1. Among Gln39, Ala24, Pro87, pick out the residue whose Cα is farthest towards the positive end of the charge dipole of segment 1-104, where Lys and Arg carry +1 and Asp and Glu carry -1 on C-beta, about the Cα centre.
2. Across the chain, where is the longest run that never hits trypsin sites (Lys or Arg not before Pro) in a DSSP loop with at most 11 other C-beta atoms within 10 Å?
3. Loop only by DSSP, 15 or fewer other Cβ within 10 Å of the Cβ. Give me the chymotrypsin sites (Phe, Trp or Tyr not before Pro) in segment 21-86 that pass, ordered by residue number.
4. Build a GNM of the chain with springs between Cα atoms under 10 Å: which of Ala14, Ala40, Ala74 gets the top mean-square fluctuation?
5. With a cut-off of 8 Å between alpha carbons and a minimum separation of six or more residues, what is the relative contact order of the chain in percent?
6. Heavy atoms only, probe 1.4 Å: what % of the accessible area of the chain goes to carbon and sulfur, would you let me know?
7. By DSSP, what percent of the beta bridges with both residues in the chain are antiparallel, rounded to the nearest 5?
8. Extension gain Cys105-Thr68, at 0.36 nm per residue separation less the Cα-Cα distance, in nm?
Amino acid sequence: QVQLVESGGGLVRAGGSLRLSCTASGSSFSIGTMGWYRQAPGKQRELVALITSGGRPNFADFVKGRFTIGRDNAKNTVYLHMNSLEPEDTAPYYCNARIPACRGCQERDYWGQGTQVTVST
């Protein structure tokens, strides 16, 4: 059973930094794209950043160069380094990984349980 376990959320003041981590386990297949999403109360879940298995990143426009994303394929882990945090960044952040459910199957989405990021003024 595939599991994604996130860590690193917390409370930080505006302008501060946090690093989120997410480790995938329970699959014997190669992990495809991994990424982070967030969902503020009353809003739809939105992409924050993602990174392909080859290391190519993609960011939402609102990141504006403040965040970086990286991954360690040997550890099945993806990281999100967030700098210059703003109160508008407050939300639970969810890790996502695309992994085949079986040999020869297409990739499917797996999600973590979420880690809360709160940015105070």
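The values are calculated or read from the model by the stated rules, or taken from the named source; none is laboratory data. This one's a predicted model, so the numbers in the text were calculated from it and none came from an experiment. No Cβ is skipped: glycine too gets one built from the backbone with ideal geometry, and neighbour counts run over all protein chains shown. Each accessible area value is taken on the protein alone, full model and side chains, heavy atoms only, with ligands, DNA and RNA left out. Shrake-Rupley method; radii C 1.70, N 1.55, O 1.52, S 1.80 Å.
1. So the residue furthest toward the plus end is Ala24.
2. By the stated rule (loop sites, at most 11 other Cβ atoms within 10 Å), 1-42.
3. In loop regions of segment 21-86 (DSSP not H, G, I, E or B), the sparsely surrounded chymotrypsin sites (Phe, Trp or Tyr not before Pro) are Phe29.
4. Taking springs between Cα atoms under 10 Å, the residue moving most is Ala74.
5. 35
6. Heavy-atom surface of the chain belonging to carbon and sulfur, 1.4 Å probe: 46 percent.
7. Beta bridges within the chain, antiparallel portion: roughly 90 percent.
8. This chain segment gains 10.3 nm when fully extended.
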